[in-house]
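Working notes for the structure below.
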Amino acid sequence: MSMHHNLLQLLSNGRFHSGEELGRELGVSRAAVWKSIKLLQKMGMTIFAIRGRGYSLEHSVELLESHKICSEYMTNKDRNLEQLLVLESVPSTNSYLMERIDNDWVKPRAVVAEYQSEGRGRRGRNWCSPFAASIYLSLFYSFDRGVADLGGISLAIGLAVRKAILSLMPCELSVKWPNDLMWKGKKLGGVLVELSGDPLSECKMVVGVGINYRMPNGTNIDQPWIDLSSIVGDNLPSRNELTGALIESILDACSVLDNSGFEQFIEEWSLADAVVNQKVSLQLGNKRIDGIARGIDSLGSIRIESDGVVRSYASGEVSLRVTE
Ligand code: BTN
């Protein structure tokens with residue numbers, strides 16, 4: 001266990017603890033405690049420091065632990081996960097796996113982190129990743145099918161993420177094409193799929209999932225967003241359990257996709273679609289298509305009706321049109 005981990009364990013009862021007391025418990029100097037607190041604050045944790053009283057956390061925190069994730073996760077079925085790595089800090093869990101992918105990798109692997117210094121979103125965006133405030137998970141999966149045959153992969157994974165969250169906390173979650181997790185028009189999480197491999201034979205994938213869990217007060221994200229704690233208050237599921245459920249659900253979706261293709265997911269999508277039959281704009285490079293969303297086609301492309309004609313689009317950024 002790291003110094004940060006042990007320190008947060010001591011602080012997790014929500015009370016104030018003096019630097020001296022923490023140092024004594026941890027067997028380190030007060031200066032070392034202060035240094036660790038500073039670093040955690042820099043990584044986005046809200047820790048109150050009050051002269052004469054000491055340090056206290058804004059919220060108690062449950063840190064990720066691989067044995068807990070596995071015991072939850074393994075209860076249903078043994079998925080043959082080659083590796084489940086819990087990192088304290090990493091630039092990006094997706095980059096971590098992408099940089100290490102090897103031809104010999106066959107079985108699934110998972111990496112989770114408490115903090116990402118360079119978390120990545122879709123379309124080159126940054127993904128806000130404060131310490132222990134979200135789930136940052138990446139999974140490696142090797143498909144027998146080729147890239148060309150895996151249309152709809154990112155939609156299927158968005159649905160798997162939705163399913164995992166709903167299994168632990170019933171709420172109104174929808175998916176916005178291609179794979180944003182939405183709650184009442186606000187973004188709760190996102191999925192970043194990165195593929196490498198032969199278009200015709202085997203395809204290796206790294207999928208990254210970010211779910212806002214309990215973000216610090218004052219978090220600044222440049223679009224409407226929400227976190228799980230604002231949806232369910234104190235009835236938050238355990239972070240370890242949620243991580244286990246996500247891994248299991250995503251691996252399930254991958255094996256269905258590999259064996260039967262995307263067809264299996266179309267009906268589920270239609271029940272969870274956040275924009276179906278609504279006025280939308282699709283930004284495609286510097287071109288904008290305005291129309292009515294008409295669900296998805298058998299390859300997972302979005303269907304948009306404009307001027308009475310329905311066309312499918314495989315890429316682009318969808319937003320709801322509020323005007324007119
Ligand atoms: C999106 O833009 O909606 C996709 C966000 C994906 C974020 C996750 S967090 C874990 C993994 N590591 C990253 O750097 N990004 C993904």
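The magnitude of the dipole of region 7-58, with charges of +1 and -1 set on the Cβ of Lys/Arg and Asp/Glu and taken from the Cα centre, is near 180 debye. With a Cα cut-off of under 21 Å and a minimum spacing of 8 residues unless on different chains, the lysine pairs in the chain number 19. Rounded to the nearest 20 debye, the dipole magnitude of region 282-324 is 80 debye, with +1 charges on Lys and Arg beta carbons, -1 on Asp and Glu beta carbons, and the Cα centre as origin. When the Cα centres of region 219-257 and region 116-182 are compared, how far apart do they sit, in Å? Here the two parts' Cα centres lie 9 Å apart.
Summing Lys and Arg as +1 and Asp and Glu as -1 over all other residues whose Cβ lies under 13 Å from the Cβ of residue 223 gives a net charge of +3. On the protein heavy atoms, probe 1.4 angstrom, tell me the percent of accessible surface of the chain carried by carbon and sulfur. The value for the chain is 46 percent carbon and sulfur by accessible area. Each peptide in 219-226, 110-117 gets a packing score, the mean of other Cβ atoms within 10 Å over its residues, and the list from highest to lowest is 110-117, 219-226. On a per residue basis, the convex hull of the C-alpha atoms belonging to the chain measures out at 149 Å³.
Where only DSSP H runs of four or more residues are counted, the chain gives -9000 deg cm²/dmol as its mean residue ellipticity at 222 nm, each run worth -39500 (n - 2.57). Note: relative contact order over region 128-228, using C-alpha pairs below 8 Å and six or more positions apart, is 38 percent.
The magnitude of the dipole of the chain, with charges of +1 and -1 set on the Cβ of Lys/Arg and Asp/Glu and taken from the Cα centre, is near 1180 debye.
Across region 1-157, the relative contact order, built from alpha-carbon pairs under 8 Å that are at least six residues apart, equals 19 percent. Normalising the average separation of contacting C-alpha pairs (under 8 angstrom, six or more residues apart) by the number of residues puts the relative contact order of the chain at 14 percent. A dipole drawn for the chain from +1 and -1 charges on Cβ atoms has a positive end, and of 151, 64, 131 the residue lying farthest that way is 131. Each peptide among 48-54, 34-40 gets the average number of other Cβ atoms lying within 10 Å of its residues, and from highest to lowest they stand as 34-40, 48-54.
Simple spin-label estimate for residue 263 and residue 20 gives 7.3 nm between the two label positions (7 Å along the Cα-to-Cβ direction from each Cα). Give me the angle, in degrees from 0 to 90, between the Cα long axis of helix 30-42 and the longest principal axis of the Cα atoms of the chain, rounded to the nearest 10. The two axes meet at around 20 degrees. Taking all protein chains into account, the per residue accessible area for the chain stands at 48 Å² (1.4 Å probe). Each other residue within a Cβ distance under 10 Å of residue 63 adds +1 if Lys or Arg and -1 if Asp or Glu, for a net charge of -2. Considering only 167, 210, 16, the residue lying farthest towards the positive end of the dipole of the chain is 16, judged by Cα position with unit charges set on Cβ.
Charged neighbours of residue 180, selected by a Cβ distance under 9 Å, balance to +3 (K, R count +1; D, E count -1).
The values are calculated or read from the model by the stated rules, or taken from the named source; none is laboratory data. Keep in mind that this is a model prediction, so the values were computed, not measured. Because the Cβ atoms are built from the backbone with ideal geometry, glycine has one as well, and the counts that use them run over all protein chains shown. Accessible surface is based on the protein model in full, side chains and every heavy atom, while ligands, DNA and RNA are left aside. Shrake-Rupley method; radii C 1.70, N 1.55, O 1.52, S 1.80 Å.
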